[in-house]
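Okay, so here's the structure we're looking at.
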Amino acid sequence: MRHRFTAALPLGMLLLASCGPHKLALPDNPVDRAATCAVVSAASSRASAPSVAGGLGFDAQTQIIHYAMLAGTDDKGLSAKRTAAVIARMSELEGHITGGKWQKLAGPCNQAFPEVKKVTGIALPASKFDAQLGCYALGDFLTRSVQTSDPKGETTLATYSKLHRKLDAPIGAGLKERGASKVEKTQLLKDEALGRMTRLGAPVKVMEMCTSRFT
């Protein structure tokens, strides 16, 4: 599969590829940029823990998916379609990126997506319901998106599921009060809340605040 990808590259990049690891740069396209940084994050995690069995750990996976979430978020909230586009693009770009000097992209990725490494100064929404809905949406998204055999990760996901069950009733009541009785309207509000939470900082740290406050 890799030769098909490189065959479409400009001649200059082919020459670089033939002379060892090639230089890389962050793409201007937002989907490709996020996918590139997600691949770099995955490569960095594998390099730092090459003997990990069963894939990457929970924290590493949430960091990787955060790039896709950020690219999928705008002022209207998180778009599942845009987020999925980033994830799909990762597999298409992986061979080219990991075959190059991907380590040099770590700094540019940190600058392009500072929220991924943000673990302090995070504040949940001031409104109790907004915070509840955001925690509910983020926990649900991570539970559905991240698969792990890491015992620590499994425990963390179980905590998210517990929070989800606890918030079911207040979320349902709050949505009803806001006239969101149809699936389309409730999903719109959840997507808006998830987008806000995505931009707060590292999802694991945001969820730590959620579980501390609401469980």
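Exactly one residue among S181, S212 is out of contact with any strand residue (DSSP E or B) (no Cβ under 8 Å at 6 or more places or on another chain), in a helix (DSSP H, G or I) and not acidic (D, E), and that residue is S212.
When residues in region 131-170 are screened for being touching a residue at least 60 places away in the same chain (Cβ under 8 Å) and in contact with a Phe, Trp or Tyr (Cβ under 7 Å, 6 or more places away or on another chain), 10 of them pass.
When you check A173 against the structure, is it free of Cβ contacts under 8 Å to residues at least 24 places away in the same chain, over 23 Å from Q61 (Cβ atoms) and not in a loop (DSSP other than H, G, I, E, B), yes or no? Yes.
Of the candidates Q187, Q103, the single residue that is free of Cβ contacts under 8 Å to residues at least 24 places away in the same chain and either under 20 Å from A43 (Cβ atoms) or part of a helix (DSSP H, G or I) (or both) is Q187. Regarding region 96-109, can at least one residue be identified that is modelled with pLDDT of 95 or more and within 23 Å of A80 (Cα to Cα)? Yes, that holds for at least one residue. Taken together, K166, K190, K162 contain a single residue that is basic (K, R), closer than 18 Å to G77 by Cβ and not assigned by TED's automatic domain parsing to the domain that holds G55, which is K190.
If the condition is being crowded, with 22+ Cβ neighbours inside 10 Å and part of a helix (DSSP H, G or I), then region 66-88 contributes H66, Y67, A68, M69, L70, A71, T83, V86. Against the criterion of being outside any helix (DSSP H, G or I) and not acidic (D, E), S91 does not qualify. Exactly one residue out of K76, K104 is within 17 Å of T36 (Cβ to Cβ), out of contact with any Pro (no Cβ under 7 Å at 6 or more places or on another chain) and not assigned by TED's automatic domain parsing to the domain that holds T143, and it is K104.
The values are calculated or read from the model by the stated rules, or taken from the named source; none is laboratory data. Bear in mind the structure is a predicted one, so any value in this text is a computation, not a measurement. In this analysis, Cβ positions are derived from the backbone assuming ideal geometry, glycine residues included, and neighbour counts consider all displayed protein chains.
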